[in-house]
Amino acid sequence: MIKLENVFKYYRSHGHRKIVLDHVSVDFAAGRSYGVLGINGAGKSTLIRLLSGTEMPNSGRIRRSVRVSWPLGFTGGLHPGLTGRENCKFVARIYGQDPRRVIHFVEDFAEIGAYMDAPIRTYSSGMGARFAFGLSLSIQFDCYLIDEVMAVGDAKFGARCKEEFRKRRQNADVIVVSHSMDTIRAYCDRGIVLAGGQMHIFNNLDDAVELYKKLNA
């Protein structure tokens, strides 16, 4: 599904080099869903961006044999000067989807009314999140990437997000970053603990949670 080959990723900050992945080689198997754990600053969000292709490694290679989503609810790829409708058309064409179907889904799901024809920059943070979440779910992916955010808005809209995502899970895998053990257990069957630039993979989620708790103590 997704294969990391000798991936090295670091950042430079205040004259120091922070290593996130230290020449890591890992296979994410198709048909499995992974929960990513790690203490603050371990690089979990960076890993999700690398897997999605929104960020590149310093060296090594990431291969994808399936269609992988951008991080669920991610707004960085939206053009603030274009309307919601225009952004839907743009994204739909990139992914080879029917623009009319995508627009209809987002209109119905995000419930932002006339703002579909207003520039993204005019949206409130709540409307922007609802739009981005709806757009993320409008495209059929083989693997969905989730960085903490599982739902946005009020309780009713949050429940709708989770129900729609439950449907997607029937035919897709997920890779989830979350501090919530309940979320990890609800969506994942394997665990990854990111620590010291290495990815420790566990077939048993409880083993991953135990190591995470030790690191976080």
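We did not get these values from a lab; they are worked out from the coordinates using the rules stated. Source: prediction; values computed, not measured. Neighbour counts run over all protein chains shown; Cβ positions are idealised from the backbone, glycine included.
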Item to check | Pick from the range 75-93, criterion without any contact (Cβ under 8 Å) to a residue 24 or more places away in the chain and exposed (fewer than 14 other Cβ atoms within 10 Å of the Cβ), ranking: nearest to the chain's Cα centre (by Cα) | outcome: 76
Checklist outcome for this item: Okay, strands (runs of 3 or more DSSP E) sitting entirely in the range 1-74 with 3 or more residues that are buried (at least 17 other Cβ atoms within 10 Å of the Cβ) and either without any contact (Cβ under 8 Å) to a residue 24 or more places away in the chain or on the phi < 0 side of the Ramachandran plot (or both), I get 2-13, 16-28, 34-37, 68-71
